[in-house]
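J.: Okay, handing you the structure first.
The values are calculated or read from the model by the stated rules, or taken from the named source; none is laboratory data. If you're wondering where the values come from, they're calculated on a predicted model, not measured in any experiment. Backbone-built Cβ (ideal geometry, glycine too); neighbour counts: all protein chains shown. All accessible areas refer to the heavy atoms of the entire protein, side chains included, with ligands and DNA or RNA removed. Shrake-Rupley method; radii C 1.70, N 1.55, O 1.52, S 1.80 Å.
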Amino acid sequence: VEWDLTLLANDWLTLRSNGSFIDPRYTDYTFLVPPGYLQPSSTTNLSGTPIPVPTWQTSQFATIDLGRDPGGLPLGHARLNFHYYWQSRFLADMRNYNSSQRTSPYGMLNMRVEFEDFMHPNTNLAFFINNVTNAKVCLPEYTGVLNSAPNGTFGVPGTSGLLQCVPLAPRMTGMQLSYRY
């Protein structure tokens, strides 16, 4: 199920929400593990097990249009944007996984203020903060040696020892200046 809703609350405020719900499962997934693969070492049947993806994902947006030259300053057309993204934990039976490798639900807030035609036509200036709350987030690494989700063998002697839970970027701030010609 997916949705995408936009509410034009008034001439200066736009609200938007989009997201999805998914509950995928393997219907018939039996395979023979290739020689040399770390685990498991025999025929495996994953039929009926969940595919490791987040069940819920949603984004919320708010745009506040501050108008042209707010406060009488030559700033151009100013807008303030907020974006909040949230996702549930990845579908998977993770009871036997190393606790440092488990994924969990998370939310991330980004903010941006932009000035279109800043002090000159065709010149734009923006300031942004990504991951405003500096959320510590860990996502599965999909190209690892073991498989596409964190493994219970992480940290166990005699296994690959690969870090399979990749942290997302911490808080970042920046400025963007562009000119259209």
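J.: For region 115-127: of the residues being open to solvent by 50 Å² or more (accessible area, probe 1.4 Å) and in a strand (DSSP E or B), which is nearest to Gly174 (Cα to Cα)?
T.: Taking region 115-127 as the starting set, the residues that turn out to be open to solvent by 50 Å² or more (accessible area, probe 1.4 Å) are 116, 119-122, 127.
Add one more test, that the residue is in a strand (DSSP E or B), and what stays is 116, 127.
Details: Glu116: 17, Phe127: 6 Å.
The qualifying residue nearest to Gly174 (Cα to Cα) is Phe127.
J.: Further question on the same structure: Hey, any hits in region 9-16 for a residue that's part of a strand (DSSP E or B), at pLDDT below 95 and open to solvent by 70 Å² or more (accessible area, probe 1.4 Å)?
T.: There is no residue in region 9-16 that is part of a strand (DSSP E or B), at pLDDT below 95 and open to solvent by 70 Å² or more (accessible area, probe 1.4 Å).
J.: Condition test on Thr133, is it surrounded by 17 or more Cβ atoms within 10 Å (Cβ to Cβ) and either at pLDDT below 70 or part of a loop (DSSP other than H, G, I, E, B) (or both)? Can you show your working first?
T.: Working: surrounded by 17 or more Cβ atoms within 10 Å (Cβ to Cβ): no; either at pLDDT below 70 or part of a loop (DSSP other than H, G, I, E, B) (or both): yes.
No, not satisfied.
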